[in-house]
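Shown next, in structure tokens, is the structure this report addresses.
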Amino acid sequence: MKERLQRAAGPPGSVRHSLTLLGCLVVAAEVLLALTDGLVAAATGLALITVVALGVARYVGGAGAQDSGYRKSVRLLGGRAPALGEWPRVVRKALGPEGALHFHSTLRPQLQRLFAARLAERHGVLLRKTPDRARAIVGPDLWPWIDPTTGPPQPAIPEAVLRALLDRLETL
């Protein structure tokens, strides 16, 4: 009988075992509350336990992902970024005669933001905090162009490299 109860509760330290012990404690507390303070106190205790249990179940079940900002938010895309309608102008200027200036001031930061968002969203990798993992995913040939810790390999970006970066961004 004892072995059957242990098997049903799971091994010590498991979630199942912990929930079984917690359930036994709750039932014991309710019985003691009913015996000492009466049915009104037991009903109040049961209502409180139910509310707490539903809140915990909701959180564990995934509702904590949409927690109305109670957790510290991740700021991957802080700051104003050009809208998609501005991208043709940004790219044209970065590939134009003053390309180095526009690449450094506008296009490169935007590419870094887009890669940071895609890496975090699809791979759970933070561009600035885990650059080794990000480098492995982006690829060693394209990584120097978006590496946030160093400058680009050239002052201006060649069109072929920009095409390769955008193709890689789409495939991530």
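The values are calculated or read from the model by the stated rules, or taken from the named source; none is laboratory data. Fair warning: this is a prediction, and the values are worked out from it, not measured in the lab. A quick note on method: Cβ atoms are made from the backbone with ideal geometry, for glycine too, and the neighbour counts reach across all protein chains shown. Accessible surface is based on the protein model in full, side chains and every heavy atom, while ligands, DNA and RNA are left aside. Shrake-Rupley method; radii C 1.70, N 1.55, O 1.52, S 1.80 Å.
Below is a table of values for the structure above.
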quantity	calculated
Helices (runs of 4 or more DSSP H) within region 116-171 that include 2 or more residues basic (Lys, Arg) and out of contact with any Cys (no Cβ under 9 Å at 6 or more places or on another chain)	131-138, 159-171
Tally, over region 121-151, of residues that are open to solvent by less than 40 Å² (accessible area, probe 1.4 Å) and under 17 Å from residue 109 (Cα atoms)	10
Options 51, 40; residue that is within 29 Å of the chain's Cα centre (by Cα) and at pLDDT 75 or above	51
Scan of region 11-43 for residues that are over 19 Å from residue 56 (Cβ atoms) and surrounded by 12 or more Cβ atoms within 10 Å (Cβ to Cβ), ordered by number	32, 33, 34, 37, 41, 42, 43
Every residue from region 92-134 that is among the charged types (D, E, K, R) and either in contact (Cβ under 8 Å) with a residue 60 or more places away in the chain or within 18 Å of residue 154 (Cα to Cα) (or both)	92, 93, 98, 108
